[in-house]
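**Q** First the structure, then my questions, so here it is.
The values are calculated or read from the model by the stated rules, or taken from the named source; none is laboratory data. Please read all numbers here as calculations on a predicted model, not as lab measurements. All Cβ positions, glycine included, derive from the backbone under ideal geometry; neighbour counts span all protein chains shown.
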Amino acid sequence: MSQVYVVDAGVLFSTWTKKIPDATLVTTSNILSELHNKPSQFRSEILMVINRMRAIDPEEKEIHRTTDAASQSGDISVLSENDIELIALALKIKNEGKKVTLVSTDFAVLNTASHLDIAILDPSGKFKEQITWVRRCPACKYKSKTPSDDIECPVCGTEMRRMSLRKRKMS
């Protein structure tokens, strides 16, 4: 079984793909549209031309599962639609029985993927802990019991902030 790497725009902005010359790379068409600088566009086009990278879009069922996981992890409020699609693509490939690793420099993407038991790789090496986030009011200290997109405290109306509820070291 060959290794598939699902890559984020941050990875394509760098030269990380040169470190794994024989790997199969995939991303979404929306992630490719995030590449605005010429070197990144050129690298990505070359990878596509030489059949090292493909653009695949996830299916709706994986997007729903990813959105649910992002809500449970508390990352939903900081993930973009493109981020959710990228994680959903990794989930789709994993569900097909392939060995997949999601490569990103975005902590929320890595965190949500880890909650879905998707193998992750942070090229910077800075992502060390899986976190479950909750919202907490800095004024009255009210803490949401469930992850939510609501940013206004239901008790006093102050803007709530994300805080970690649980942390688990990544192995």
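**Q** Need at least 3 residues that are free of Cβ contacts under 8 Å to residues at least 40 places away in the same chain and within 30 Å of M160 (Cα to Cα) per element, so show me which helices (runs of 4 or more DSSP H) inside segment 3-110 make the cut, counting only ones lying wholly within it. Before the answer, list the steps.
**A** Working: elements: 9-12, 29-33, 38-49, 60-73, 81-95.
So the answer is 60-73, 81-95.
**Q** Can you tell me which residue within segment 23-53, out of those that are surrounded by fewer than 13 Cβ atoms within 10 Å (Cβ to Cβ) and within 21 Å of the chain's Cα centre (by Cα), is farthest from L110 (Cα to Cα)?
**A** Narrowing segment 23-53 to residues surrounded by fewer than 13 Cβ atoms within 10 Å (Cβ to Cβ): 29, 33, 36-39, 42, 46, 49-51.
Narrowing the set further to residues that are within 21 Å of the chain's Cα centre (by Cα) leaves 29, 33, 36.
Details: S29: 19, S33: 20, H36: 23 Å.
The residue in question is H36.
**Q** Would you point out which residue out of I84, I20 is under 21 Å from N111 (Cα atoms) and out of contact with any His (no Cβ under 6 Å at 6 or more places or on another chain)?
**A** Numbers: I20 fails: under 21 Å from N111 (Cα atoms).
Going through I84, I20 in turn, just one is under 21 Å from N111 (Cα atoms) and out of contact with any His (no Cβ under 6 Å at 6 or more places or on another chain): I84.
**Q** State yes or no: is I131 in contact with a helix residue (DSSP H, G or I) (Cβ under 7 Å, 6 or more places away or on another chain) and either among the acidic types (D, E) or on the phi < 0 side of the Ramachandran plot (or both)? Spell out the reasoning first.
**A** Values: in contact with a helix residue (DSSP H, G or I) (Cβ under 7 Å, 6 or more places away or on another chain): yes; either among the acidic types (D, E) or on the phi < 0 side of the Ramachandran plot (or both): yes.
Spelling it out, I131 is indeed in contact with a helix residue (DSSP H, G or I) (Cβ under 7 Å, 6 or more places away or on another chain) and either among the acidic types (D, E) or on the phi < 0 side of the Ramachandran plot (or both).
**Q** Something else now. Suppose we filter N51, N37, N111 for residues that are at positive phi and at pLDDT below 95; which single one remains?
**A** N51
**Q** Go through (1) surrounded by fewer than 23 Cβ atoms within 10 Å (Cβ to Cβ); (2) more than 16 Å from Q3 (Cα to Cα) one by one and return the number of the condition K94 breaks.
**A** (2)
**Q** Moving on. What single numbered condition from (1) on the phi < 0 side of the Ramachandran plot; (2) touching a Leu at 6+ places or on another chain (Cβ under 9 Å) fails to hold for K18?
**A** Just one mismatch for K18, condition (2).
**Q** Determine which member of the set D22, D75, D57 is among the acidic types (D, E) and closer than 22 Å to K126 by Cβ. Give the steps one after another, and end with the answer.
**A** On the way: D22 fails: closer than 22 Å to K126 by Cβ; D57 fails: closer than 22 Å to K126 by Cβ.
Only one candidate qualifies: D75.
**Q** Would you say E81 is among the charged types (D, E, K, R) and under 11 Å from the mean Cα position of the chain (by Cα)? Lay out the reasoning, then the answer.
**A** Numbers: among the charged types (D, E, K, R): yes; under 11 Å from the mean Cα position of the chain (by Cα): yes.
It is true that E81 is among the charged types (D, E, K, R) and under 11 Å from the mean Cα position of the chain (by Cα).
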